[in-house]
Amino acid sequence: MATDIKIDKITPTIGADVSGVDLNTLDDDTFALVHAALLDRGVLAFRDQDLDPEAHLAFARRFGDIDQYPFKKGNAHFSPHPDGVEGLVRLEHDEKHPGYENQWHIDMTWRAEPPLGSILKAIELPASGGGDTMFSSLGAAYESMDEHSQQLVANCTQDHDWLKVFGRNLDPAELGAFRADLPMVNHPAVRTHPDTGRKGLFVNEAFGIGLRDLPQVHARQWLSHLYGVIATPEFHCRIKWEPGTVVMWDNRAVAHYAVNDYYPERRVMERVTVAGDKPF
Ligand SMILES: [Fe+2]
């Protein structure tokens, strides 16, 4: 097998730094190792990459279809790629557009079939540092709970809605159109990973609403407990971005949090998401 790939764990629980690969020219053997590492570690950081937009998309296509992000109107947080490349979303924050992804979330759970994964590339990093991304293992979070709690939560579901985060950026006409296309969806609160079979805590502070199938007062208490479990540092890794860093995460296995400690400086990233399947 002609590959120099090196996969170094970030912690025993989650994440790996991957070196010795060029994502522009991944042969099938190396891709198989990358794929296996993604399933095993949940988050992979590739350093010193020189991915142009087409290569970024091509790497994503190795995992599946590209998810076409519906919010494309340049609403201050997301905008289409400046060269009009379909499937690439630009996330741009500066003094006038502060970062807001600083809460634990799983990308796009407001889709009936949330993405398999996201691939994020650093374009412009804050001049004075900061802007790391934190990841939490949903499997480790679930496994840390006692059996009674696991069973209780496994019987619950959560509603998910984009409106909570993106509604404020849309005018009423847009809002109505998106509402019709993207109704609220419901997912199990414990998700079984379709490839590994591992169970994970699939609740989401950003897009999730309540916890169904528990009396409301208990649901509130449980939700705050579950969000606390996901926020436990022992289940985390933290990626420091450098020029050329590309990070891919398994959106079925990890939650993430973009630390907004760089305001008012500028941070620009580009993301491609790979389409996923219906959680069960
Ligand atoms: Fe995100």
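The values are calculated or read from the model by the stated rules, or taken from the named source; none is laboratory data. Since we're looking at a predicted model, the values are computed, not measured. Every residue, glycine as well, gets a Cβ built from its backbone with ideal geometry; the counts of neighbours run over all protein chains shown. With ligands, DNA and RNA removed, areas are computed over all heavy atoms of the protein, side chains included. Shrake-Rupley method; radii C 1.70, N 1.55, O 1.52, S 1.80 Å.
Okay, here's what the table says:
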quantity	calculated
Relative compactness, the range 1-115, computed as alpha-carbon Rg over 2.2 N^0.38 Å	1.21
Equivalent ellipsoid dimensions for the range 120-259 as semi-axes, Å, which come from the Cα gyration tensor, largest first	27, 23, 14
Segments 212-222, 139-149 sorted - mean Cβ within 10 Å per residue, highest first	139-149, 212-222
Cα-only Debye scattering, the range 62-202: base-10 log of I(q)/I(0) at q = 0.11, 0.12, 0.20 Å⁻¹	-0.53, -0.63, -1.42
Point-charge dipole on Cβ atoms (K/R +1, D/E -1) for the chain, about Cα centre, debye to 20	820 debye
Accessible surface of the chain, 1.4 Å probe, proportion on carbon and sulfur as whole %	51 percent
Among 191-197, 113-119, the order from most to least packed when residues are scored by Cβ within 10 Å on average	113-119, 191-197
Average Cα contact separation per residue, the chain, under 8 Å, 6 or more apart, as relative contact order %	35 percent
The range 115-193 - accessible surface per residue (Å², probe 1.4 Å)	39 Å²
Peptides ranked, highest mean first, by Cβ atoms within 10 Å: ranges 240-251, 172-183	240-251, 172-183
Spatial extent of the chain: Rg and Dmax, with the Cα atoms as the point set, Å	18.3, 58
Shape category assigned to the range 100-145 from the gyration tensor of Cα positions, a/c cut at 1.5	oblate
Rh (Kirkwood; distinct C-alpha pairs) - the range 13-63, Å	11.4 Å
